[in-house]
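The structure under discussion appears below in the form of structure tokens.
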Amino acid sequence: MENKEYIDIITDALNGDVEKVELVSQTSNIVFKVTTKQYGVVYAKFYLNKSSHIDNEMHLYSLMDQKYLKEVITSSESPKFAIFKELKGKTIDELTPEELSQNKEKIIDSLIYFYETIGGQKAEGFGLLDENMNGTSQSFQDFIVKRQSDTEEVLKDYPVLGTAFTEIYKKYKGSIAGDNSLVPIDTNAKNIMVTESGDIKFIDPGELISAPKLMGYGDFVAHTYKTELYEELMKKLNLSKEDEQRLRIYAVFSSLNILAFLKKIGVNDLDKVIPYGNKETFYSFIEEHLKALGIETQNLDVEER
């Protein structure tokens, strides 16, 4: 559709209460910022589902307490879109060190509620979900091997990154297994907000897969490792040694996938990429996780091809 068609849909959905419309994103979804008289600023999101993940954001409203999600004004299945009230506050990466310390327990408690509530739902199959909320792989290992092998191919020319999955899989193949829980896999520091009223909101949580819940936590650790949020999470989870290892494995997988995505869109200095809200690089975290897993990174250099 052309922008005018989207704007017409928005105008109809808001009964003509549209003063200004601004396109703010057109990547995997299309998002417009809309100024209205009744609601002030709202955001209209059209779910295109053209990325590798089908965006299941609206499905979450039937699974969990809506106080953790954006307030929906209206939504539709055909075409698939929703209009949300604007949230006011700071995303985690915008918090000052003092604000982070003040809010870390509430953030982690909310995160655990978020993962455990969604993870209480099971899907058929594993891995990426189809439009019926079923996994598209026969087993969790099939999903992981395909997904991470594709990522490894993208990163094949990078020392450490290009062979990290292969080395982990050789050593921990038996540990990379799990059930078919629904798992959010995009809870980085820009996707979690502390609102002006002190509530925690998950503002772009639409990417779900069918996998063990620990994989979702691994994605969060990929971004927050060595921060106060990581320390608070580990204290709350109180994992066994085996689960701590699996958490590191999933954090590496998530980090590799992020770097592969960035490589595909033209980012070349992958060794300099820092997770939102952090101070150190994905690269350095991957090396630390690998060493903790007993994998010597000096043996993982890849020749330039």
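Observations on the model:
- Checked against the criterion of being out of contact with any Phe, Trp or Tyr (no Cβ under 6 Å at 6 or more places or on another chain), crowded, with 19+ Cβ neighbours inside 10 Å and either modelled with pLDDT under 95 or in a helix (DSSP H, G or I) (or both), the candidates 262, 229 yield just one match: 229.
- When 98, 105, 131 are checked against the criterion of being in the same structural domain as residue 264 (by TED's automatic domain parsing) and within 19 Å of the chain's Cα centre (by Cα), 131 stands alone in meeting it.
- Identity of the residue in region 1-31, assigned to a loop (DSSP other than H, G, I, E, B) and of a type in the set (Asp, Glu), that ends up modelled with the lowest pLDDT: 2
- Checklist (1) modelled with pLDDT under 95; (2) closer than 30 Å to residue 34 by Cα applied to residue 83, failing item: (1)
- Test for residue 172: is it of a type in the set (Ser, Thr, Tyr), surrounded by fewer than 19 Cβ atoms within 10 Å (Cβ to Cβ) and under 21 Å from residue 65 (Cβ atoms): no
Condition check ((1) over 14 Å from residue 216 (Cα atoms); (2) β-branched (Val, Ile, Thr)) across all residues:
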position	(1), (2)
91	yes, yes
102	yes, no
113	no, no
154	yes, yes
181	no, no
184	no, no
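- Filter result (crowded, with 21+ Cβ neighbours inside 10 Å, among the hydrophobic types (A, V, I, L, M, F, W, C) and under 18 Å from residue 116 (Cα atoms)) within region 186-209: 192, 200, 202, 208, 209
- Just one of the listed residues (157, 109) is at pLDDT 95 or above and out of contact with any Phe, Trp or Tyr (no Cβ under 8 Å at 6 or more places or on another chain), namely 109.
- Neighbours by Cβ (under 9 Å, 6+ apart or cross-chain): first from region 20-47, farther than 11 Å from residue 6 by Cβ and in the same structural domain as residue 58 (by TED's automatic domain parsing); second polar (S, T, N, Q) and assigned to a strand (DSSP E or B): 20/35; 22/35; 41/35; 42/35; 47/29
- Checking each residue in region 32-55 for being at pLDDT 95 or above and either aliphatic (A, V, I, L, M) or over 30 Å from residue 127 (Cβ atoms) (or both) picks out 32, 33, 34, 35, 36, 37, 38, 39, 40, 41, 42, 44.
The values are calculated or read from the model by the stated rules, or taken from the named source; none is laboratory data. Since we're looking at a predicted model, the values are computed, not measured. Quick reminder, even Gly has a Cβ in these numbers, built from the backbone with ideal geometry, and neighbours come from all protein chains shown.
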